[in-house]
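Peer 1: Here's a structure for you.
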Amino acid sequence: MKLKRVDRRQFLARSGTAFLGLATGFLLVGCGGKGNQLNCTESLRKAEISMRESLNYVEYSPNSEKSCVQCAFYTGDTQGCGDCQIFSGPVNPEGVCDSWSKKA
Ligand code: SF4
């Protein structure tokens, strides 16, 4: 087997490309790849937060077939925070709570 000689410039170019690929991969994994990255609850009043806690609302549903955007009480689209007819204030289209009801 004959080894191919690589000069220093080629080595640096190849290792730089490999490093960028690895760094991009780590960044994508580090972001978690979870959902829409919205935070629809950051400006809520305490009473509204308590209401959500009592119904076990979470910003990201663990079940892809059971989320706010698929709920009968959700109004809004899939982009940005939407509204829920049960809660006041915004909800995440990928969220869910115990009052989830399948949209007809
Ligand atoms: S009732 Fe619950 S699951 Fe349905 S839209 Fe409101 S917060 Fe989401």
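Coordinate-derived values only; no laboratory data. All of these numbers come straight from a predicted model, not from anything done at the bench. So basically every Cβ, Gly included, is an ideal-geometry build from the backbone, and we count neighbours across all protein chains shown.
Peer 1: What number of residues in region 52-95 are among the hydrophobic types (A, V, I, L, M, F, W, C), over 11 Å from residue 38 (Cβ atoms) and more than 10 Å from the ligand (Cβ to nearest atom)?
Peer 2: The qualifying residues number 0.
Peer 1: I'd like the full set of residues that are crowded, with 18+ Cβ neighbours inside 10 Å and of a type in the set (Asp, Glu), limited to region 54-70.
Peer 2: 59 - this is the single residue of region 54-70 that is crowded, with 18+ Cβ neighbours inside 10 Å and of a type in the set (Asp, Glu).
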